[in-house]
1. Show the residue pairs that are 6+ apart or on different chains and have beta-carbon atoms under 7 Å apart, the first residue being within segment 36-57 and more than 17 Å from HIS94 (Cα to Cα), the second being assigned to a helix (DSSP H, G or I) and among the polar types (S, T, N, Q).
2. Among the residues of segment 75-95, write down those that are in contact with a helix residue (DSSP H, G or I) (Cβ under 8 Å, 6 or more places away or on another chain) and in contact (Cβ under 8 Å) with a residue 12 or more places away in the chain.
3. Collect the residues in segment 41-69 that are farther than 24 Å from LYS31 by Cβ and either surrounded by fewer than 16 Cβ atoms within 10 Å (Cβ to Cβ) or at pLDDT 90 or above (or both), keeping them in residue-number order.
Amino acid sequence: MKNLVLSITILASVLSFAQQREDRNLRGERKRVAQGVKSGEINKKEAAVIHEQAKDVKQAKRAAAADGQITVKEKAKIARQDRQLDRTIRRKKHN
């Protein structure tokens, strides 16, 4: 019984940490876009494209985690989408 409680506690803390890391990453991307709009490097249309792409990444993360386990293939797909989003933000800010 103690092992079960300990396992559940550990699992909950790991999931919480993963969610915090994801939220921190998305907050950073939102800040980069907001800063780009404020400085005039990114216009409203470009920001809308970036936000749409960010929603796609977030939805892919949710879909991968829906069954309770994220496979290696799903992790690779999510990482690829995340890198593409980062590149898109950089390109829009420096065009």
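The values are calculated or read from the model by the stated rules, or taken from the named source; none is laboratory data. Everything quoted here is computed from the prediction, not taken from an experiment. So basically every Cβ, Gly included, is an ideal-geometry build from the backbone, and we count neighbours across all protein chains shown.
1. GLN53/THR88; ASP56/GLN81; VAL57/GLN81
2. Hits for segment 75-95 are LYS77, ILE78, GLN81, ASP82, GLN84, LEU85, ASP86, THR88, ILE89, LYS92, LYS93.
3. ALA63, ALA66, ASP67, GLY68, GLN69
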